[in-house]
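Contents: one structure, followed by commentary.
The values are calculated or read from the model by the stated rules, or taken from the named source; none is laboratory data. None of the values given here were measured: they were computed from a predicted structure. In this analysis, Cβ positions are derived from the backbone assuming ideal geometry, glycine residues included, and neighbour counts consider all displayed protein chains. All accessible areas refer to the heavy atoms of the entire protein, side chains included, with ligands and DNA or RNA removed. Shrake-Rupley method; radii C 1.70, N 1.55, O 1.52, S 1.80 Å.
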Amino acid sequence: MAETSHAFEAVRIGVVSISDRASTGVYEDKGLPALQDWLGRAVRNPVTWVPRLIADERELIAQTLRELVDVEGCHLVLTTGGTGPAPRDVTPEATLDVADKEMPGFGEQMRQISLRFVPTAILSRQTAVIRKQALILNLPGQPKSIAETLEGLRNAEGQSIVPGIFAAVPYCIDLIGGPYIETHAAVCDAFRPKSARRPVPA
């Protein structure tokens, strides 16, 4: 039993790209590939991906998030798109519609990272919530911004100067009863208190 307790646990991750035009084929969706690329490099656990490409419709977004958590059993759900001030940007509202708890620190940190590049980062309304035993995160729409907010910023020597939000994700999922997620430190060094750490699998 000791060996299995130290093995990497399987993780189910929902990735949702929210875009009227991409969902109707007007242009190629770049959100889902960007999410899966970064997470695929960062997470050491075996991952089952549950992707969705949908339009900017509040009830459709909320329905999709409920399905990913309640039916598909995702432990983590990441959305991209629909978080600005435009009338069709309703991702945060739909996310809050399905929330058991709001986790505002994630959105605050995403804006802090983006503000280092553009002053319009204050227009972003990314948020995060907990639904049952899953964490749902709203991410920016651009692939470059997705990577920056998840990974954080490094200096020329590769040292972290601004932590990305994903460093806190594994411990958050621990606390809500999800699987123990390990990361590749070169991509994202997940933080846990010493009392919450497990031996790293070989």
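Report, by residue number, each residue of segment 144-202 that is in a helix (DSSP H, G or I) and either over 13 Å from the mean Cα position of the chain (by Cα) or under 19 Å from Ala7 (Cβ atoms) (or both).
Across segment 144-202, the qualifying residues are Lys144, Pro170, Tyr171, Ile173, Asp174, Leu175, Lys194, Ser195, Ala196.
Quick check, is Ala121 among the small types (Gly, Ala, Ser) and either in a loop (DSSP other than H, G, I, E, B) or within 14 Å of the chain's Cα centre (by Cα) (or both)?
It is false that Ala121 is among the small types (Gly, Ala, Ser) and either in a loop (DSSP other than H, G, I, E, B) or within 14 Å of the chain's Cα centre (by Cα) (or both).
Anything in segment 103-118 that is of a type outside the set (Phe, Trp, Tyr), in a helix (DSSP H, G or I) and open to solvent by 10 Å² or more (accessible area, probe 1.4 Å)? List them, or say none.
Pro104, Gly105, Glu108, Gln109, Arg111, Gln112, Ser114
Out of Ala128, Ala134, which single residue is closer than 16 Å to Val15 by Cβ, aliphatic (A, V, I, L, M) and either touching a Ser or Thr at 6+ places or on another chain (Cβ under 9 Å) or open to solvent by 50 Å² or more (accessible area, probe 1.4 Å) (or both)?
One residue alone meets the criteria, Ala128.
Quickly run through segment 165-200 and pick out the residues that are of a type in the set (S, T, N, Q) and crowded, with 19+ Cβ neighbours inside 10 Å.
Thr183
Among the residues of segment 26-47, what is the count of those that are among the β-branched types (Val, Ile, Thr) and more than 18 Å from His75 (Cα to Cα)?
Here the count works out to 1.
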